[in-house]
1. Name the trypsin sites (Lys or Arg not before Pro) in the range 194-295 that are in a loop by DSSP and that have at most 16 other C-beta atoms within 10 Å, would you?
2. Hey, which of these cross-link pairs are over 18 Å Cα-Cα: Lys508/Lys530; Lys66/Lys330; Lys512/Lys563; Lys383/Lys530; Lys383/Lys512; Lys42/Lys66?
3. Provide the per residue accessible area, probe 1.4 Å, for the range 610-726, rounded to a whole number of square angstrom.
4. Rounded to the nearest 0.05, what FRET efficiency do Lys221 and Thr687 give with R0 = 22 Å and r taken as the Cβ-Cβ distance? Could you check?
5. Heavy atoms only, probe 1.4 Å: what % of the accessible area of the chain goes to carbon and sulfur, would you let me know?
6. Could you rank the peptides 22-30, 655-663, 157-165 by their average count of other C-beta atoms within 10 Å per residue, with the highest value first?
7. Hey, can you find the accessible area per residue of the range 353-565 for me, probe 1.4 Å, expressed in square angstrom?
8. What are the trypsin sites (Lys or Arg not before Pro) within the range 315-369 that DSSP puts in a loop, where the Cβ has at most 12 other Cβ atoms within 10 Å?
Amino acid sequence: MIEIYKNPSYSSKERTMDLLNRMTIEEKIGQMCQVDGRIDSKTWIFEKHIGSFLHVTGEEVIRLQKLAAETRLGIPILFGIDAIHGHAFHSGATVFPSQLAMASSWNTELLEEVARITAVEVIQTGMHWTFSPVICIGRDMRWGRVDETFGEDPYLIGVLAGAMIKGYQGKNLSDPYSILACAKHFAGYGETQGGRDSAEADVSERKLRSIFFPPFKEAVKAGCTTFMAGYNAIDGIPCSANGWLLTEVLKKEWGFEGFVVSDWNNVGWLHTTQKVAATLEEACHMAVTAGNDMIMSTPEFFEKTVALVKEGLLAESLIDDACSRILELKFKLGLFDDKRLPNFTESNSLIGCDNHKKAAYETALQSMVLLKNDNEILPLSDKVKKIALIGPNCDDVQSQLGDWSFGTREFPERPTLDYHSEYDVTPIVTVLEGMKKRGGNDVEILYEKGCGLFDDEGETINKAIECAEEADVIIAVVGDTNTLNGETRDRVSLDFTGYQLHLLKALKKTGKPLVVVLINGKPLTVPWIKENADAILEAWNPGMEGGNAVASILFGDYNPCGKLTISFPRHVGQQPVFYNKLPGWHGDSYVEMTDEPLFSFGFGLSYASYQYSNMKIVSSKLVMTDELVVTVDVENIGKYDGVEIVQLYVNDVYSSVTTPLKELKSFKRVHLKAGEAKSVEIKIPVTSLNLVNRHNQTVVEPGTFEVMVGGSSRDGDLLKATIEVMDK
Ligand code: NOJ
């Protein structure tokens with residue numbers, strides 16, 4: 001019999017069918033398994049026909065892939081990793097700012113490039129699949145994983161995720177530098193109660209379809225090849241056991257042709273933790289029937305599922321469907337024809353190369369958000385000759401790189417691969433290094449840590465004060481670190497930890513100008529600095545080039561242009577607080593304070609200032625097939641060239657269901673030289689003015705809509721006009 005599956009002149013579908021017909025039930029179920037490649041890999045390859053390993057790289061990948069080639073059918077292994085802001089587990093690779101940071105750039109081209117570079121570096125280490133982008137909505141800052149999101153807005157998340165998917169997957173999967181992307185965690189995972197990771201997220205179908213599904217649907221449209229199911233339960237049903245979610249909606253309604261992977265041991269959890277399955281067999285049965293195609297890190301899945309099929313308790317057709325989805329992507333990636341083994345000569349010249357570092361620098365620049373700048377204290381004037389650089393995050397590599405970089409994901413049950421000690425930190429430029437380099441011989445940098453992020457180093461505050469008293473300006477670099485962010489790291493407080501606030505207050509007392517640089521995974525409750533600092537720069541987890549980028553912005557080599565994609569609460573008790581809320585509340589504030597965020601979605605200052613005027617709607621009576629066309633004049637009335645992010649929001653004035661006060665529908669990044677004015681045109685299809693009605697149908701309801709355009713989501717920053725939408 002000719003071996004069609006070995007012949008590249010046949011289509012991926014034909015090759016998949018041919019191969020599937022040759023496979024035993026064990027071989028098919030083996031393809032559905034993914035385990036940590038650091039555990040017992042030989043048994044998995046030769047006895048359990050493993051489909052995928054995660055979290056192994058480099059030389060080990062070559063060894064395992066070569067072993068797989070010796071098996072009966074020689075099916076290549078798919079290697080996956082969490083390369084979510086660069087290939088950051090790999091020593092020497094380019095580490096970009098965190099996803100939340102990058103989102104503040106609102107720059108799709110930039111994010112596509114970041115993902116492309118990540119793909120190129122991932123490929124160099126023999127891997128083919130990244131568990132990125134995270135498409136969860138970040139609305140509750142107590143949740144540990146907010147740093148992994150693009151923020152709070154479904155439209156913006158969809159657009160940015162689409163860009164990253166394109167970057168990872170390239171034009172074609174057969175391009176040797178393309179890897180699989182993974183839209184995760186499907187769905188509602190960021191909306192769990194109390195910010196408790198993986199707990200229940202009680203969102204109705206209408207809410208799913210209005211808020212949580214749209215960005216995932218965009219991921220399907222962008223061609224995303226894999227989806228990861230969330231750990232959380234919705235209305236009592238864990239996502240991994242939810243056939244409506246994974247099969248009816250994702251695969252049938254949206255036509256998703258790739259495969260679904262369950263999250264780490266979520267299938268085991270169905271039995272041990274979420275307790276919807278009385279036995280592990282039942283959990284495996286449930287997972288396959290619901291539509292999970294690959295099972296991550298539930299090693300027992302192999303034996304249990306083989307037994308289920310052999311006993312006639314699970315239909316083999318379900319296994320065939322899952323297995324063929326996986327095989328087809330292996331064919332599309334070209335793995336049967338070229339194993340894409342790492343080429344170390346090429347990788348040495350590509351991983352972390354100067355061009356990639358330049359992109360990390362550019363991304364860091366565009367990710368930073370200027371939150372306050374009183375009396376134009378920034379950029380630093382030429383008169384500044386001595387800077388007191390103070391704070392626990394001035395010189396902290398881990399805080400700067402953020403989560404999912406070295407040393408941050410060592411689960412106790414896994415054999416320790418000590419990324420920390422193997423990781424080369426020399427290419428990482430901290431703020432201290434960046435400032436010293438930029439200051440050169442002209443500006444003296446006096447550094448004192450002042451205090452740690454936690455409780456033990458408060459006594460060094462006095463040294464910091466002495467240092468501040470000698471300087472012309474204080475730059476305080478404070479925030480949080482990786483142990484306060486990430487999976488299993490949910491918080492009840494969003495205040496500064498340790499002596500940081502104490503340090504800032506003491507610095508303020510010196511009377512010297514106080515500039516605060518925040519290095520933190522997610523928004524913190526920082527009302528004191530809003531009141532008391534002269535300037536605030538939100539730098540997030542800015543990645544390996546973060547120190548250079550902070551210095552460039554502070555010294556005025558670069559004009560900051562980032563805007564928040566997430567609201568800063570004033571107080572943890574306001575959680576969740578987000579801009580696209582529904583109207584309706586008895587009263588309009590809490591007893592103790594307003595419900596307004598400290599800093600709003602879409603907000604961000606610049607060294608320039610932009611004036612909006614002359615908003616026009618080209619035609620204000622529209623039918624469903626029309627486009628809404630809005631123009632507005634934007635003028636840079638400042639002294640610096642800059643980039644303004646012009647935002648368009650819409651409110652459906654009266655509708656059959658309560659709809660948000662405003663929703664972002666489009667935006668444009670506009671370059672404006674000092675003194676320059678431009679007429680900016682934004683077009684959106686009338687169909688995007690939709691809502692999900694009480695029958696869960698997505699429709700546009702005729703009537704009046706308020707259209708708003710401006711530089712942030714705050715009412716005071718928006719020009720407004722109305723339009724009428726008619727049936728015909
Ligand atoms: C669990 C996390 O929820 C998921 O995002 C990640 O991709 C997997 N572990 C693999 O590390």
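The values are calculated or read from the model by the stated rules, or taken from the named source; none is laboratory data. Computed from a predicted structure; not experimentally measured. With ideal geometry, Cβ positions are generated from the backbone for all residues, glycine too; neighbour counts draw on all protein chains shown. Heavy atoms of the whole protein, side chains included, go into the accessibility calculation; ligands, DNA and RNA do not. Shrake-Rupley method; radii C 1.70, N 1.55, O 1.52, S 1.80 Å.
1. Values: sites: Arg196, Arg206, Lys207, Arg209, Lys217, Lys221, Lys251, Lys252, Lys275; in loops: Arg196, Lys275.
Here the trypsin sites (Lys or Arg not before Pro) that fit, given the DSSP loop and packing criteria, are Arg196, Lys275.
2. Over 18 Å Cα-Cα: Lys512/Lys563; Lys383/Lys530.
3. Per residue, the range 610-726 has 46 Å² of solvent-accessible surface.
4. Numbers: r = 14 Å, r/R0 = 0.64.
After rounding to 0.05, the efficiency reads 0.95.
5. Carbon with sulfur: 49 percent of the solvent-accessible area.
6. Numbers: 22-30: 19.6, 655-663: 17.3, 157-165: 25.1.
Ranking, from highest mean packing down: 157-165, 22-30, 655-663.
7. Ligands and nucleic acids excluded, the result is 37 Å² per residue.
8. Taking the range 315-369 and a limit of 12 other Cβ atoms within 10 Å, no loop trypsin sites (Lys or Arg not before Pro) are found.
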